[in-house]
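First comes the structure, then the notes that go with it.
The values are calculated or read from the model by the stated rules, or taken from the named source; none is laboratory data. Here the structure is a predicted model, which is why all the values come from computation and not from measurement. Every residue, glycine as well, gets a Cβ built from its backbone with ideal geometry; the counts of neighbours run over all protein chains shown.
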Amino acid sequence: MGTPRNPRASVALALTVVLWACAFPAIRVGVAGYGVAALSVLRLGVASVALGLAAPLLRVRLPRRADLPLIALCGLAGMSAYQLLLNWGEVAVPAGTASLLVSTAPVFSVLLAYLFLGERLGRLKLVGSAVALAGSAVIALAGGDAHYASAAWLVLAAAVVQGVYHCACKPLLRRYTGLEVACYAMWAGTLFLLPLAPAAIGRIASAPIGATVSVVFLGLLPSAVGFVTWGYAVARFTVTVATAALYLVPVVALAVAFGWLGERPRLIELVGGLVSIAGVALIHLGSRHPASAQSAHPAADPGHESSAAEGVGHASPGRSPTVAGARISRAVSRDAVGVRRAPGPRDADPAAPALPGDPGLGDLGVELLAPHPGEQQHRRAVPERSQQQQDAGAGDDRPGARVVTEVDRGDQ
């Protein structure tokens, strides 16, 4: 079952959905008072400061120097470019409509992973991608005027760079937790926009108070707190349940935009949005298909040792980390934050696309921030296995065992 024993996880998941949904109308308010560039750099700046203050408490490690170019790409695409494109698009595109367009980001993540990471595309993924893109085109062309259409394509471009971000994060998530990748990308993205900071700071005195409140809200809550609550929730829910909850983000965004801004989306926009979400759902369904699951085979990355279990900590749709009576073995190192698994080729889960999420952070493939409250953990030695034995699911009792943590999830 996907229901956690700790009801606080349900609250955390619901809070994540609400915060990420509220970000879209808050952007509309902020961009009206600050403009595109100032809103982008100020939001990232507030989030960077918040994560910087929290980093020592959360034991965020320094990245390796060899990973800095990839971190720079994540920050440039997923933070700097994404903020600029989304904010620019929301000058003319309603908040709820923008949330529908951004929800197609997993489509571009899947396509980019196919082109650059060598991941396989199953039939459902291909069909889902085509359906989602068709829905996006309907939304982009729904306005009937060039100004709206141009802005809609900008929001869709924001979804594309978020797909780049998801794709670039996969190698990093083999070595770092999702929270660490979020911090690195946020800080890198802020650095790229620092040349815009003087002009943005100069606008604070003359900006409407509502716009300033929106900037602080966007930086602190959707971009910082929202990610922490998402990590807390996904560590206690199955990935399937957590993924399903994220489909509510556009729905909540439409409701909040109506109540806050009085926005009424056109019927054609709603139809296009539903088609896009249906396409993304097909992609996630394709990730659960046995044929697609084979694309996550260890052979896809022979340079790493396979972990004892499929990736559990990542927020990869279609793979449930908890099953009735299941016992999951994971190689881990412990710290005050929670559980980190040893890297392995399945950790990046090529078969699973990224999830739709926060317009400031996107989905980051969250590592477990804490063990399930009902878990009983103990340590045992598991012998190393050859590639052929791992493929066949067999083991032996040869020496050279590694230590793993075995998690008993009982009758969930």
Inset, instruction - Determine the pairs where a residue that is at positive phi and touching a residue at least 12 places away in the same chain (Cβ under 8 Å), located within segment 35-61, has a partner that is of a type in the set (D, E, K, R) and surrounded by fewer than 20 Cβ atoms within 10 Å (Cβ to Cβ) with Cβ atoms under 6 Å apart, the partner being 6 or more residues away or on another chain. - result: ARG59/ASP335
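Report yes if LEU15 is surrounded by 20 or more Cβ atoms within 10 Å (Cβ to Cβ) and either among the acidic types (Asp, Glu) or within 22 Å of the chain's Cα centre (by Cα) (or both), otherwise no. I'd like the intermediate steps shown before the answer.
Details: surrounded by 20 or more Cβ atoms within 10 Å (Cβ to Cβ): no; either among the acidic types (Asp, Glu) or within 22 Å of the chain's Cα centre (by Cα) (or both): yes.
Here the answer is no, as LEU15 does not meet what is asked.
Inside segment 56-91, can you point out the residues that are buried (at least 17 other Cβ atoms within 10 Å of the Cβ) and either touching a His at 6+ places or on another chain (Cβ under 7 Å) or in a loop (DSSP other than H, G, I, E, B) (or both)?
Initial filter on segment 56-91 (buried (at least 17 other Cβ atoms within 10 Å of the Cβ)): 58, 60, 63, 70-90.
Hits for segment 56-91 are LEU58, VAL60, PRO63, GLU90.
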Inset, instruction - Test GLY33 against the criterion of being in a helix (DSSP H, G or I), modelled with pLDDT of 90 or more and either basic (Lys, Arg) or surrounded by fewer than 18 Cβ atoms within 10 Å (Cβ to Cβ) (or both), and give yes or no. - result: no
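Give the residue, chosen from LYS170, LYS125, that is in a helix (DSSP H, G or I), closer than 27 Å to PRO222 by Cα and either in contact (Cβ under 8 Å) with a residue 12 or more places away in the chain or out of contact with any helix residue (DSSP H, G or I) (no Cβ under 8 Å at 6 or more places or on another chain) (or both).
On the way: LYS125 fails: closer than 27 Å to PRO222 by Cα.
Only one candidate passes the filter, namely LYS170.
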Inset, instruction - Could you identify the single residue in ALA137, ALA142 that is surrounded by fewer than 22 Cβ atoms within 10 Å (Cβ to Cβ), of a type outside the set (Ser, Thr, Tyr), outside any helix (DSSP H, G or I) and touching a residue at least 12 places away in the same chain (Cβ under 8 Å)? - result: ALA142
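Listed here are the residues, each with its yes/no results for (1) modelled with pLDDT under 85; (2) over 25 Å from ARG264 (Cβ atoms); (3) charged (D, E, K, R).
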residue	(1), (2), (3)
PRO106	no, yes, no
SER109	no, yes, no
LYS125	no, yes, yes
LEU133	no, yes, no
ILE139	no, no, no
ALA146	yes, no, no
